[in-house]
Amino acid sequence: MVGHYLKTTALALALGGWATGAMAADPSLDLVEPLAEYKLYVAENTAKLVEDTTAFTDAVKAGDVEKAKSLFAPTRTSYEKIEPIAELFSDLDVSIDARADDYEQAEQDPDFTGFHRIEYGLWEQGSTEGLAEYADKLLADVKELDARINGLTFPPEVVVGGAAVLMEEVAATKISGEEDRYSRTDLWDFDANFEGAEKIYELLRPLIADDEADFTAKVDGNFAAVDEVLEKYRSADGGFVSYEELTDTDRNALSAKVNTLAEDLATLRGKLGLG
Amino acid sequence: MNDQGRLSTTRRTLLRQIGLGALGGTIAGSIGIHARAQDAKTAPQVVDAPPGHAETAAQHVPFHGRHQAGILTPRPASGIFAAFDVVVASLDDFERMLRLLTERAAFLTQGGEVPARDPKLPPADSGLLGPVIAPDNLTITLGLGASLFDRHDWLAGLKPARLQRMVQFPNDALDPALCHGDLSLQFCANLPDTNIHALRDIVKNLSEFLVLRWMIEGSVPPVPPAPDGSTPSARNFLGFRDGSANPDANDAALMERVVWTHGPDEPEWAHGGSYQAVRVIRNFVERWDRAPLAEQERIFGRTKMTGAPLDAPRASEYDVPDYAADPDGATTPPDSHIRLANPRTPKSERNLMLRRPFNYSRGVLRNGQLDQGLLFIAYQADLEAGFIAVQNQLNGEPLEEYIKPVGGGYFFALPGAAVGDYLGASLVNAARRS
Ligand code: HEM
């Protein structure tokens, strides 16, 4: 998504900033309100991310493995919901959310940090030993992310395109269960990615509902179908059971819905007149 | 997740686009200086597209007919076999899927212009073949697996009588990531790009229904034709001609018996379809290349260069061995591949099948050996009398030292679709009646 960001940056440079440039032309005017609302949504999530990460990293530093494990998945959800925006800062995205196979030396790589490095320690090594430095760095990164996002003017096509981006995320790394490979908490991320995509779609839906009734009916149906599958995997505490319990049939159903949502949501930008 | 490498590339592209910075300036400048003039006819450049052949690009195989194309159709140089899981909640969904699949396959195999779309939207087509799709001999053959019938009550009682889940044979080492599936698509074309384009079209347009499970790409080496236009059987990766003793696909009566499913114990809707047995069979090529030629020929029962039977080494590959004259197997060993696969007795007549394989090459294994083999595809009227019986005869053959089946599955290739109809219509109609 860096591509969108830079392209938009170029456009903004050319026009003297998106607020007066890209946003001034019709039909972007209609986007002002949904964009403002989305910005609020993201701000709420980054605030929550800072709060939850503080509790999570405190537990890690206190050596409380069980507590840290129980906070891992719920803490990540606020990050996963806003990933299209969070990803704009690729340096932070790497240090917060990279996976071991992004590195040549995998888990042993000195650059492997963030949530998944801590996840590796907690689940694979069953200990918080040596994790304090990663905890400190994660918290600092998350606070930095919060500050940067608060100062950001949201590029419209990044927000609108974000719904599809979240589906691409699920299709590329979540369906296969690669994301949270040590904790098997992938379904939490799944759910958060869907929620983030649905939020964007819901905010924009009124702008297209009249002209694109077939489209919205299909997208609504696919979101509902995903919810229905995920509901089956809710745990008693409101979270999700292990990824391993996902049946092949349900994985296929999710995969088909995710790819179809990705296809359809990828047309949102065009439908709203954004190139 | 983004990697940082992409960021810098994107940034460079951006700089170039908006003409900022020394880097951007240099690139823009160099384009002006070095790009060759478009009007002058110059000597070929390194990245010019290799010249294609208008004649082969225009070749097309009719899509509609009593049987599906891609079974008796002469096999072109490139193939892809892809197995999918199917997501359908109802018979109506299933029909929608079949209609859409038929529409895409009919378009792709006959070729035509890609529809233009508002550039603000993702393009309708991947574009990898340009604005006009050449048919390029493409066939797309649709099969269904037992799992699809077993999972949906609305298909209850309609499964072809011999359709079943492939089970492990003694020499197999099956990789679950290369086995089975609800639905199969066999793509065959002159060029691999034509198959890849078609596969991507279907993956994109049928995302709602199809989840790709596994796939293998294959090829066979083309041979310059003889003056009469004929070519010999293509060679497999063990260097032998493969297909010499195949039943004659131009003999319609023989095909009715050997290939097309018929018979009172098969559901009516399935008549005119065919059982598709697919096996991904690794070849231990390094080891094979270290085996003496005479042993290689004894293992198959044919000579390596010409394909002639061992009892008539000067004959052609199309000559058949006379086992009656060699009852002890002094010339053609009793455990040679061809003698086990087809002992040529009146009884073995019912075990015939039509083989239509491709070779595959998939990189390197952890042990540093080449991952190459045979994408075995065979069609038969009766899966049990055909592939399963013959594989059981082959179990324990000396060739096993050099091969390892690692994947595959059994599917039922549907009967063909008449013009205006869709593939699988006879099955859907039967399901509506029951
Ligand atoms: C890597 C695996 C295999 C290789 C390299 C291979 C190769 C060959 C070769 C070179 C021939 C002789 C030429 C010809 O008639 O085509 C042949 C014949 C044949 N093969 Fe295979 N084959 C393989 C697997 C199989 C399997 C799995 C089956 C079926 C279960 C099979 C069935 C046959 C039959 C029926 C013939 C014709 C025999 C005849 O009618 O004389 N082959 N194969």
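For B:P225, the criteria (1) in a loop (DSSP other than H, G, I, E, B); (2) within 15 Å of the ligand (Cβ to nearest atom) hold in every case but one, which is (2). Look at (1) touching a residue at least 12 places away in the same chain (Cβ under 8 Å); (2) within 12 Å of the ligand (Cβ to nearest atom); (3) closer than 30 Å to B:F187 by Cα; (4) not in a loop (DSSP other than H, G, I, E, B) and you find that B:I299 fails only one, number (3).
Out of the residues in the stretch B:154-167 that are open to solvent by 50 Å² or more (accessible area, probe 1.4 Å) and of a type in the set (D, E, K, R), state the one that is nearest to the other protein chains (Cβ to nearest Cβ). First the steps, then the outcome.
Quick first cut of the stretch B:154-167, residues open to solvent by 50 Å² or more (accessible area, probe 1.4 Å) only: B:154, B:156-157, B:159, B:161, B:164-165, B:167.
Subset that is of a type in the set (D, E, K, R): B:159, B:165.
Details: B:K159: 18, B:R165: 14 Å.
Across the stretch B:154-167, the extreme among qualifying residues is B:R165.
Considering B:V259, B:V211, the condition of being open to solvent by less than 60 Å² (accessible area, probe 1.4 Å) and within 15 Å of the ligand (Cβ to nearest atom) is satisfied by B:V259 alone.
Do we find that B:S426 is among the polar types (S, T, N, Q) and away from the ligand (no atom under 13 Å from the Cβ) in this structure? The answer is yes for B:S426. Yes or no: B:T306 more than 12 Å from the ligand (Cβ to nearest atom), β-branched (V, I, T) and in a loop (DSSP other than H, G, I, E, B)? So B:T306 fails the test.
Screening the stretch A:56-169 for helices (runs of 4 or more DSSP H) wholly inside it with 2 or more residues that are within 26 Å of A:K257 (Cα to Cα) and open to solvent by 10 Å² or more (accessible area, probe 1.4 Å) returns the ranges A:65-81, A:156-169. Scan the stretch B:374-394 and tell me whether some residue there is farther than 30 Å from B:A253 by Cβ and either out of contact with any His (no Cβ under 8 Å at 6 or more places or on another chain) or in contact (Cβ under 8 Å) with a residue 40 or more places away in the chain (or both). Checked the stretch B:374-394: no residue is farther than 30 Å from B:A253 by Cβ and either out of contact with any His (no Cβ under 8 Å at 6 or more places or on another chain) or in contact (Cβ under 8 Å) with a residue 40 or more places away in the chain (or both). Scan the stretch B:230-253 and tell me whether some residue there is closer than 17 Å to B:A385 by Cα and open to solvent by less than 60 Å² (accessible area, probe 1.4 Å). Yes - at least one qualifying residue is present in the stretch B:230-253. Of the residues making up the stretch B:110-153, just one is open to solvent by 40 Å² or more (accessible area, probe 1.4 Å) and either aromatic (F, W, Y) or under 19 Å from B:H64 (Cβ atoms) (or both), namely B:Q110.
Summed over the stretch B:373-391, residues that are assigned to a strand (DSSP E or B), near the ligand (Cβ under 8 Å from one of its atoms) and either open to solvent by 10 Å² or more (accessible area, probe 1.4 Å) or not aliphatic (A, V, I, L, M) (or both) total 3. Between B:G363, B:G368, B:G407, the distinction of being open to solvent by 30 Å² or more (accessible area, probe 1.4 Å) and either touching an Asp or Glu at 6+ places or on another chain (Cβ under 6 Å) or modelled with pLDDT under 95 (or both) belongs to B:G363 only.
Which count do you get for residues in the stretch A:73-107 that are charged (D, E, K, R) and under 13 Å from the mean Cα position of the chain (by Cα)? Residues that pass the stated criteria total 7. Total residues in the stretch B:335-360 satisfying the condition of being open to solvent by 20 Å² or more (accessible area, probe 1.4 Å) and small (G, A, S): the figure is 1. Residue-level check: of (1) closer than 29 Å to A:G275 by Cα; (2) within 14 Å of chain A (Cβ to nearest Cβ); (3) among the aliphatic types (A, V, I, L, M), B:A89 misses just (1). Residues in the stretch B:359-382 include at least one that is farther than 21 Å from B:F237 by Cα and more than 19 Å from the chain's Cα centre (by Cα). Taking the criterion of being under 19 Å from B:P415 (Cα atoms) and of a type in the set (D, E), the residues of the stretch B:71-118 that qualify are B:E95, B:E103. Is there a residue in the stretch B:269-279 that is of a type outside the set (A, V, I, L, M), in a helix (DSSP H, G or I) and more than 10 Å from the ligand (Cβ to nearest atom)? Yes; the residues of the stretch B:269-279 include at least one that is of a type outside the set (A, V, I, L, M), in a helix (DSSP H, G or I) and more than 10 Å from the ligand (Cβ to nearest atom). List the number of the failed condition for B:E103; all other conditions in (1) part of a loop (DSSP other than H, G, I, E, B); (2) surrounded by fewer than 17 Cβ atoms within 10 Å (Cβ to Cβ); (3) modelled with pLDDT of 95 or more; (4) more than 14 Å from every other protein chain (Cβ to nearest Cβ) hold. Every listed condition holds for B:E103 apart from (1).
The values are calculated or read from the model by the stated rules, or taken from the named source; none is laboratory data. Being a predicted model, the structure only gives us computed values, none of them experimental. Reconstructed Cβ throughout: ideal geometry from the backbone, glycine too, with neighbour counts over all protein chains shown. Only protein heavy atoms, including side chains, enter the accessible area calculation; ligands, DNA and RNA are left aside. Shrake-Rupley method; radii C 1.70, N 1.55, O 1.52, S 1.80 Å.
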